[in-house]
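Worksheet: the structure to be examined is printed underneath.
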Amino acid sequence: MKLATLRTGGRDGALILVSTDLTRATSAAGIAATLQAALDTWADSAPKLQSLWAELEAGTAPGSFAFDSAACHSPLPRAYQWCDGSAYVNHVALVRKARGAALPDSFWTDPLMYQGGSDAFLAPTEPVRMAREDFGIDFEGEVAVIVDDVPMGASVAVAGRAIRLLMLVNDVSLRNLIPNELAKGFGFFHSKPSSAFSPVTVTPEALGAAWDGGKLHLPLLVSLNGESFGKANAGVDMTFDFPTLIAHAAKTRPLSAGTIIGSGTVSNRDADGGPGRPVADGGLGYSCLAEVRMVETLLHGGARTPFMRFGDRVRIEMLDAAGKSVFGAIEQGVEMYG
């Protein structure tokens, strides 16, 4: 089934169910007022939601209405926890090389993860507002899962069984703030502002063969100012699958229902094993600007593509095998704050 959150008067919005083709919706208020409420009682609420969703699919759901993704917030407008991994080591290698940092061998066996701000996510069509362009504004196209309660020390198998929903992410990064921040030895803070998630979140079973229990095997389509920028397959070159990332996050703490775990920037190597080519050159492109800038530096001695400027727009979406949108699109412009 597919779920979304309408931007209503309350901070956490109103939970709705959305048809497979993203054209119709119906309120889930009689079952759970918000997505977090549904997750808190998933064993009880999920069967009821599934039953109502079946009615929506059959065209018999009471009070159904036309679905408008622009009226949606991120599925969880705020969450108890947002932990972003870096499952695509190709991306990590390129970004670290851009900072002049070596890639330790352990990065291939031990996932990277940071804890981001989760108290105020952006809506999927809400502008990214920044005080200055020279922060190095970048987008990062990712996949994320929402989990049920996960006990501390959970095995990979137990972690995998806790996955309840999947969605897309624009993990906004301020690249020019990262080096000085990391040099302090205490991690990201200012360089990782509010993220946005796709308007729709989807249960694993609704993804069919594209979901193998750990990876989502579909291209992540990214466009910048209306031009194709990336189409890397999220199921390819993913060094750490989602159960592994969840188990990593739960190594020393339990995870509460509603915790979001991100994949990190989706990134594919080129067919020849290289870092990847732009879409315009016949490659799969990139899911963030930092990667293309690193490739330009390797090829030309310096980056040619600027980070995002005020007025730029990014779109992040995933289509199924039939060419239909799975999660709806994240589509955001960059604006001056204030």
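The values are calculated or read from the model by the stated rules, or taken from the named source; none is laboratory data. All values reported here derive from a predicted model rather than from experimental measurement. Here the Cβ positions follow ideal geometry from the backbone for every residue, glycine too, while neighbour counts run over all protein chains shown. Note: areas computed on protein heavy atoms with side chains; ligands, DNA, RNA excluded. Shrake-Rupley method; radii C 1.70, N 1.55, O 1.52, S 1.80 Å.
A compact table of results
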item: Residue ranges of strands (runs of 3 or more DSSP E) in segment 141-213 with at least 1 members open to solvent by 20 Å² or more (accessible area, probe 1.4 Å); result: 163-170
item: Pick from segment 271-310, criterion in contact with a helix residue (DSSP H, G or I) (Cβ under 9 Å, 6 or more places away or on another chain), open to solvent by 20 Å² or more (accessible area, probe 1.4 Å) and not in a loop (DSSP other than H, G, I, E, B), ranking: nearest to Asn233 (Cα to Cα); result: Arg293
item: Criterion violated by Ala4 - all others in (1) in a loop (DSSP other than H, G, I, E, B); (2) within 19 Å of Pro124 (Cα to Cα) satisfied; result: (1)
item: Pair list, Cβ < 6 Å and 6+ apart or interchain, from segment 218-237 residues that are over 9 Å from Gly285 (Cα atoms) to residues that are open to solvent by 60 Å² or more (accessible area, probe 1.4 Å); result: Pro219/Lys231; Leu221/Lys231; Ser223/Arg315; Asn225/Arg313; Gly235/His217; Asp237/Arg269
item: Residue, farthest from the chain's Cα centre (by Cα), within segment 249-270, restricted to residues that are of a type in the set (S, T, N, Q) and surrounded by fewer than 24 Cβ atoms within 10 Å (Cβ to Cβ); result: Thr252
item: Lone unmet requirement of (1) open to solvent by 20 Å² or more (accessible area, probe 1.4 Å); (2) closer than 27 Å to Leu122 by Cβ for Asp44; result: (2)
item: From the options Phe197, Phe242, Phe186, residue that is more than 17 Å from Trp82 (Cα to Cα) and hydrophobic (A, V, I, L, M, F, W, C); result: Phe186
item: Tally, over segment 113-140, of residues that are in contact (Cβ under 8 Å) with a residue 24 or more places away in the chain and either open to solvent by 70 Å² or more (accessible area, probe 1.4 Å) or assigned to a helix (DSSP H, G or I) (or both); result: 6
item: Residue match in segment 229-239 (condition: over 30 Å from Pro179 (Cα atoms) and either at pLDDT 95 or above or under 14 Å from the mean Cα position of the chain (by Cα) (or both)); result: no
item: In segment 68-89, the residues that are assigned to a helix (DSSP H, G or I) and either at pLDDT 90 or above or open to solvent by 20 Å² or more (accessible area, probe 1.4 Å) (or both); result: Ser69, Ala70, Ala71
item: Hey, Leu103 closer than 20 Å to Ala247 by Cβ and either open to solvent by 20 Å² or more (accessible area, probe 1.4 Å) or out of contact with any Pro (no Cβ under 9 Å at 6 or more places or on another chain) (or both) or not; result: no
